[in-house]
Amino acid sequence: MFIELKNIFHEYNQDQLVKALVDINLSITGSEFIGLVGHTGSGKSTLVQLLNGLIKPTRGQIIIDGIDITAEKVNLNRIRQKIGLVFQYPEHQLFEETVYEDVAFGPRNLDLNEVEVKKRVEESLALVGLEYEKIKDRSPFNLSGGQQRKVAIAGVLAMKPGVLILDEPSAGLDPRGRDQLIDLLYNLHFEYEMTIILISHRMEEIARLATRVLVLDHGKLVLDGSPQEVFSNRKKMQELGLDLPQITDILHRLRERGFDNIRTDIFTISEASREIVTELRRRD
Amino acid sequence: MKGVEYEYKGLTEPALKNINFSVNAGEFISIIGSNGSGKSTLAKLLNVLLLPARGEILVNGLSTSNEENRSKIRQNVGMVFQNPDNQLVATMVEDDVAFGPENLGIPGPEIRARVDNALKMVDMDGFQRYSPHKLSGGQKQRVAIAGIIAMEPSCVVLDEPTAMLDPRGRKEVMDTISYLNREKKITIIYITHFMEEASLADKIFVMHRGQIINTGTPEQIFKDIRSLKEVNLDVPLVVELAESLRKEGFSVPGVMSIDGLVNYICS
């Protein structure tokens, strides 16, 4: 799915005028996994609400799969089916009596027949790693927080969106839950070829998953590149007051302290360990 | 806590089983454990939001099961929760912070002093007349902490106070907690899913399925990477990188911070 944003401005009034987005120009192709990074209030949430048609920009055009969703009288239901949005703490929006009914809610709204609905519920629960038979009749409210989060994500996946946008999906999960979520997003993108836009404060997640990182600051797109490019630019990230992945941070500090040749475009522990060992042995 | 058990109605497995521990005044304790391991239940027992089904909890020698002790214990043990928006009720920061001491029947002039002092302690002096909804997540959470501090508790229990915050907000809250513990000698019981945060404590309790399965200093707890992963936990990334360097034959000491590791490598 191809997404294009042209000269997007968004402003709203909250006692005074807030410029939420300032002249955003951006193309996203179907094969990308986007990491969207920035402080609270930098415009990330506004941007994803625009993509999903929840709000309209003050100015500018958004074109999704050839359809201008900012045009008058556009059918937003079709857009919302194509672009799945997983809000922060999505489990707060579970409401049905059983897990089955909750996941089936979206597909039923697409007027699919019950056979297809059931198929989609089974598939999406399997995708998020829940056992259909064991969980379908349970009340979502008696599940653990981690399981509730998975059910909520399954509900979005059951719509078979081409693009999946997630806003801080790992917040509040324990370390194992975070790892499972990372695996899920990895599979959805690299196996099921879903376009993914991930908002996260956890740079480790961004570095492990994203093929492209977008950094927003005060509504402006200030950095756009591969994780290697963006996280190598330590100076800019520091100016913006943003973290680097810890591994990258360690390598940058080592370079500052005399390891002039050490690589800083590494994000995994094993690679970093090899790089440090190589540099230490070279010194001996 | 002595032999403390707790069960929720309708659940087959008890939420807490045979919990025994003591915390000394002035200690900074972190509690880690997967979702559903019993951490929040434990926290709620400490400030008499829940009562144990069996066993006893003593706070400064007072049993939480004795009704006469309750208000005294609640004043002594303050609670801070995950979502700052659910904890702030007033339309102005100073009213919010004054809410607790007012309920204690503290006279007006002293309340003023307590509110100003509490806001200073969380580095929010000057925000007295702000509306809470205009603050960032980290600022809101620090106002919530100030509201607790204004009741002059000897202990503060925090249940994942940084889970909903961005990195800047997390750092602000962690700095505040460290300050309250180190400078003001307030006992801290800190529940978190961030292993880096847990490593700042004097001691860590590891919970699994309603039990405390291990206690020790961060160095001791994070030494055993495999058994932590078995209970769905992890170690700080620095600890894992140090371990990986050890396997290559370098005698890295038990570092807990990025600075510590960088200093070792550069030496």
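The values are calculated or read from the model by the stated rules, or taken from the named source; none is laboratory data. Worth saying up front: this structure is predicted, and the values here are computed from it rather than measured. FYI the Cβ positions are ideal-geometry reconstructions off the backbone, even for glycines, and counts take in every protein chain you see.
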Is one or more of the residues making up the range B:11-30 of a type in the set (Phe, Trp, Tyr), part of a loop (DSSP other than H, G, I, E, B) and over 30 Å from B:Thr217 (Cβ atoms)?
no
How many of the residues making up the range A:223-253 are in contact (Cβ under 8 Å) with a residue 24 or more places away in the chain, within 14 Å of another protein chain (Cβ to nearest Cβ), buried (at least 17 other Cβ atoms within 10 Å of the Cβ) and over 15 Å from B:Leu237 (Cβ atoms)?
3
Scan the range B:189-206 for residues that are more than 10 Å from every other protein chain (Cβ to nearest Cβ), out of contact with any Asp or Glu (no Cβ under 9 Å at 6 or more places or on another chain) and either closer than 16 Å to B:Ser34 by Cα or part of a helix (DSSP H, G or I) (or both) and jot them down.
B:Glu197, B:Ala198, B:Ile204, B:Phe205, B:Val206
Quick one: is A:Val277 more than 14 Å from chain B (Cβ to nearest Cβ), without any contact (Cβ under 8 Å) to a residue 24 or more places away in the chain, outside any loop (DSSP other than H, G, I, E, B) and surrounded by fewer than 20 Cβ atoms within 10 Å (Cβ to Cβ)?
no
Anything in the range A:57-105 that is of a type outside the set (A, V, I, L, M), out of contact with any strand residue (DSSP E or B) (no Cβ under 9 Å at 6 or more places or on another chain) and in a helix (DSSP H, G or I)? List them, or say none.
A:Asn77, A:Arg80, A:Gln81, A:Glu91, A:His92, A:Gln93, A:Tyr100, A:Glu101, A:Asp102, A:Phe105
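Could you tell me whether B:Glu102 is modelled with pLDDT of 95 or more, assigned to a helix (DSSP H, G or I) and more than 21 Å from the chain's Cα centre (by Cα)? Walk me through how you get there before you give the answer.
On the way: modelled with pLDDT of 95 or more: no; assigned to a helix (DSSP H, G or I): yes; more than 21 Å from the chain's Cα centre (by Cα): yes.
Judged against the criteria, B:Glu102 is not a match.
Identify the residue in the range A:2-45 that is on the phi > 0 side of the Ramachandran plot and part of a loop (DSSP other than H, G, I, E, B) and, among all such residues, is nearest to the chain's Cα centre (by Cα). First the steps, then the outcome.
Going residue by residue through the range A:2-45, those that are on the phi > 0 side of the Ramachandran plot are A:7, A:15, A:23, A:38, A:41, A:43.
This time we only want the ones that are part of a loop (DSSP other than H, G, I, E, B), so: A:15, A:38, A:41, A:43.
Working: A:Asp15: 31, A:Gly38: 13, A:Gly41: 17, A:Gly43: 14 Å.
It comes out as A:Gly38.
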Output the residue which, of all residues in the range B:69-112 that are closer than 18 Å to B:Val156 by Cα and of a type in the set (Gly, Ala, Ser), is nearest to the other protein chains (Cβ to nearest Cβ).
B:Gly78
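Out of B:Lys229, B:Lys171, I need the residue that is over 30 Å from A:Gly258 (Cα atoms), within 12 Å of chain A (Cβ to nearest Cβ) and not in a loop (DSSP other than H, G, I, E, B). Which one? Steps first, answer last, please.
On the way: B:Lys171 fails: over 30 Å from A:Gly258 (Cα atoms).
From the options B:Lys229, B:Lys171, the qualifying one is B:Lys229.
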Of the residues in the range A:210-224, those that are assigned to a strand (DSSP E or B), of a type outside the set (Lys, Arg) and in contact with a Phe, Trp or Tyr (Cβ under 9 Å, 6 or more places away or on another chain) come to A:Val213
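Listed here are the residues, each with its yes/no results for (1) under 23 Å from B:Ile145 (Cα atoms); (2) not assigned by TED's automatic domain parsing to the domain that holds B:Phe205.
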{"position": "B:Leu46", "(1), (2)": "yes, no"}
{"position": "B:Leu51", "(1), (2)": "no, no"}
{"position": "B:Ile57", "(1), (2)": "no, no"}
{"position": "B:Asn60", "(1), (2)": "yes, no"}
{"position": "B:Arg70", "(1), (2)": "yes, no"}
{"position": "B:Val89", "(1), (2)": "yes, yes"}
{"position": "B:Val93", "(1), (2)": "yes, yes"}
{"position": "B:Ala98", "(1), (2)": "yes, yes"}
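Here is a yes/no grid of residues against (1) more than 14 Å from chain B (Cβ to nearest Cβ); (2) surrounded by fewer than 13 Cβ atoms within 10 Å (Cβ to Cβ):
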site: A:Glu72; (1), (2): yes, yes
site: A:Ile83; (1), (2): yes, no
site: A:Phe87; (1), (2): no, no
site: A:Leu110; (1), (2): yes, no
Residues within the range B:95-116 that are free of Cβ contacts under 8 Å to residues at least 40 places away in the same chain, surrounded by fewer than 20 Cβ atoms within 10 Å (Cβ to Cβ) and not β-branched (Val, Ile, Thr), tallied:
11
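Among the residues of the range A:178-198, is there at least one that is over 17 Å from the mean Cα position of the chain (by Cα), in the same structural domain as A:Leu21 (by TED's automatic domain parsing) and buried (at least 23 other Cβ atoms within 10 Å of the Cβ)?
Keep residues of the range A:178-198 that are over 17 Å from the mean Cα position of the chain (by Cα), which gives none.
No: zero hits.
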Filter the range A:254-274 down to the residues that are charged (D, E, K, R) and farther than 26 Å from A:Leu36 by Cβ, then identify the one that is farthest from the other protein chains (Cβ to nearest Cβ).
A:Asp260
Considering only residues that are in contact with a Leu (Cβ under 7 Å, 6 or more places away or on another chain) and not β-branched (Val, Ile, Thr), look in the range A:185-204 and name the one that is farthest from A:Leu166 (Cα to Cα).
A:Met203
Would you pick out the residues in the range B:247-267 that are in a helix (DSSP H, G or I), within 20 Å of A:Arg281 (Cα to Cα) and at the interface with chain A (Cβ under 10 Å from one of its Cβ atoms)?
B:Lys247, B:Leu261, B:Val262, B:Asn263, B:Ile265, B:Cys266
B:Val235 vs. criteria more than 7 Å from every other protein chain (Cβ to nearest Cβ), in a loop (DSSP other than H, G, I, E, B), closer than 18 Å to A:Ala272 by Cβ and not basic (Lys, Arg)
yes
